[in-house]
1. Taking the Cβ of B:E498 as the centre, find all other residues whose Cβ is under 12 Å away and add up their charges (Lys, Arg: +1; Asp, Glu: -1).
2. Once you sort the root eigenvalues of the Cα gyration tensor of segment A:255-312 as a ≥ b ≥ c, which label holds: rounded (a/c under 1.5), prolate (a/b larger than b/c) or oblate (the other case)?
3. Quick check for me: using +1 on Lys/Arg Cβ and -1 on Asp/Glu Cβ, what's the dipole size of segment A:31-75 about its Cα centre, in debye to the nearest 20?
4. So if I average 1/r over every pair of distinct C-alpha atoms in segment A:99-242 and take the inverse, what Kirkwood radius in Å does that give?
5. Shape verdict for chain B, please, from the Cα gyration tensor: rounded (a/c under 1.5), prolate (a/b greater than b/c) or oblate.
6. Fewest to most neighbouring Cβ within 10 Å: what's the order for A:T240, B:T46?
7. How many times 2.2 N^0.38 Å is the alpha carbon radius of gyration of segment B:239-366?
8. Where does the charge balance sit around A:V113 when Lys and Arg score +1, Asp and Glu -1, over other residues with C-beta under 14 Å from its C-beta?
Amino acid sequence: MIRLVLTRVLSAIPVMGVVALIVFFMLRLSGDPAAILAGDTASSEQVERIRVSLGLTKPLYEQFFGWIMQLLRFDLGTSLFTGLPVTSLIAQRIEPTAMLALSTIVFSVLVAVPMGVLAAWKANSWIDRLVMVICVLGFSVPVFVMGYFLIFNFAITLRWFPVQGYTSPFVDFGRFVSQITLPTLTLSFIYVALIARITRASVIEVLGEDYIRTARAKGQVEIKVLFRHALKNAAVPIVTVIGLGVALLIGGVVVTESVYNIPGLGRLVVDAITRRDYPIIQGLILFFALIYIVLNLIIDIIYTIVDPRIRY
Amino acid sequence: MSISRRELMAGAAALTGGLALPGSQSALAQAAPKGTLRVIPHAALTTLDPVATTGYIVRNHGYMVWDTLFAQDEQLAVKPQMASGVEISADKLTYRITLRDGLSWHDDTAVTSADCVPSLIRWGQADGMGRRLFTYIESVSTDGPKVIVIKLKRPYGLVLESIGKLSTNVPFMMPKRFAEKAVTDRLGADDMMGSGPFRWNKAEYRPGARVVYDRNPKYVPRSEPASNAAGGKNVFVERVEWVNFPDPNTALNALVSGEVDYYEQIPADLLPIVSRAPGVKVANFNPLGNLGMARFNSLAGPTNNPGVRRAIAKAINQSELLKVAIGNPEFYKTCHSVYPCGTTFDSTAGSDLMAKSSLDEARAMLRASGYNGEKLVLLATTDIPVQSAMAQYTADVLKRIGMNVDAQAMDWATVLQRRTSKNPIDQGGWNMFFTWWEGADLLDPVIQFALSGLGEQGAWVGWSKDDEAEILRTAYAEAATLDQQKQIAAQVQARAFEQSFNVYTGMFYVPTGFRENISGILNAPPFFWNIKKA
């Protein structure tokens, strides 16, 4: 296990290096932020002065190595617009995104896994078809449409929830719950569809195995057969899809945060892209890449727990 | 059938208007702290230095935190603000400005003339009108802690108009330690120390998401009633929060549900919905309006040819263009003056060019100009609806008069970068883009930066070079009477149409939405003093 962790940590270094290289040079192709910073009425001389003051007139290789040296000191740089360190901007925004992602994962797993097991158990019945319809809808309906649908019905018409905003659970837990509910439901829809479908397929495959027949022959109640024997043995692909779904979640978070006006990392990265605020974009992409690597590592470790036959 | 995101939400909000009962604010909305004014500004505040940058959102932020020596009232007359008064010598070469009593910075230290002098100098390096003023200034100095002395080389008619200007870049007074920074060394979140009616709340600043201002309890307002940027800045709320909404539909719903109090600029297509929503009022607080403008690059062909520029101006029909870009005639009007219509220097001089638009005449003018099918690169903004519509309309009109138009679609950020290029169009250059200005930025020949004829030596992008225009602008600045100023302003306008470095595309208004318990909003840029929340 320790070897696995060490290997993954070491292999992450070149991956991050490649990500850094690609991000840095791709961004430079999109132009620089000096003109945006200067504003609409700025003269070209003012823009040029800003360009010089930001170090954007230095050769690209010099800018790149300067940034790499910063990274080696665990410094993601400073926003060109706000002058604030990227790490503190990430720290300001990480909680809403983490809470939204966490609530979405928890809710999705709690809903989708039983749904998938139920659909597999009642395969080809109306229950199975209903679950599949929900899944198809989950894949087909864009996140923003689901968001507006929920806002209209539950925030505007019924007034059960607020339209927008975020409050930290450490400040006001009740308000946090009321504000996070609709975004969570919105973002969960596609995630529930993904997990439920994989769960259904995996459990159907396992339900045909000899040990399931044996468990039933021994007189095990059906719920135990499904959750203790079938689900446990079908868990590896389900865990995989939950992990891979995190990438999907990162994309969905950007839209959900906009629809519900949640000041999270998704909005930070979109705003930074529209302004060409290089240090924030670079820092966030590296940060997302790191999260993705860590999550994959965690999933690999979970494999060994759910299926002891797996060895690294 | 397809449905767009905005249509979907328009339907949702329309139904809301029908379903919600008057006054039925949600319990969640009522939980807002009393005395907090929640505002949806027109843009996110990410840069903070109102002297170094020109964005309107930064200017509005500036008015929250800082104050000015002089300010313009609703009639655009310049009135003392931080100043108690000014003494002008008989030869009009010396201005002695005295600070009024009770002024203090937010750290409770006194405002002195030693702070104001570097503040003026810094602004004079950044602002077009400031740079012009400083070409006339021999020295700016102090005479004791409360008197600022401006000595001129020769009389200049716009001294107080310059340091009392309403819009970007506003000469805000700052403590000496910040005012002495270079203009390129922009002020950051730690430097927001002013003497204005609100204090910057750094701890709650979330760039791109939220800005918080607390009432400055030590601010001493003037005794006159508030009028535009002048008069008493009495603050009636404890706190103002600017909450940035990336999605206009969510912003609208937040206003309708009472989660916010004030929505600075409601998009035109959402107006029918918000005007039906209970508890919400809509009004235009910007009587000067906004003016649309196409700007030409006069270095690159074919727009380096004045004949081609005039032909394009002749082809553009303001009525058609405004109908396409704005839609509702309640919120636009044609204006064939280079100054906002209805203001002091509004004139008809030379305006036939645009007032009588004609495609046939435009074709003839194009032929006479020697245009020979060269490509015209139009930078077509996609993410600002008004500018996008103007560009699409114009591309079509120009094709109809026989021009070879290459309308390149891009976001505004890319337009801002591309337009700094002085290259020929086959090397990334450009010919034309659309933008718009608040009326306050176009009021006279000097304040209007787009009229500059300094070419590559200081004109706006497009680098309009016109010595005669500069002579006229200087004459305007040195004119002794209003009648003389009006006469010269008309000559500037006639010259501007003759050269056509810009095409003026008419006036439009973007109304504000606010909850019905809000009162005292000024006819001015979004200022948050004088506002009461019942």
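Read-outs: derived from the displayed coordinates by stated rules, not from any lab. Bear in mind that the values here come from a model prediction, so they are computed numbers and not experimental data. Don't worry about glycine lacking a Cβ; one is built from the backbone with ideal geometry, like all the others, and counts go over all protein chains shown.
1. Spelling it out: positives minus negatives among the neighbours equals 0.
2. Working: a/c = 6.22, a/b = 2.33, b/c = 2.67.
Because a/c hits 1.5 or more and a/b fails to exceed b/c, segment A:255-312 counts as oblate.
3. 160 debye
4. Numbers: mean 1/r = 0.0602 Å⁻¹.
Result for segment A:99-242 stands at 16.6 Å.
5. Oblate is the answer for chain B, as a/c is 1.5 or above yet b/c matches or exceeds a/b.
6. If I rank by nearby Cβ atoms, fewest first, I get A:T240, B:T46.
7. Taking the Cα Rg and dividing by 2.2 N^0.38 Å, one obtains 1.41.
8. +4
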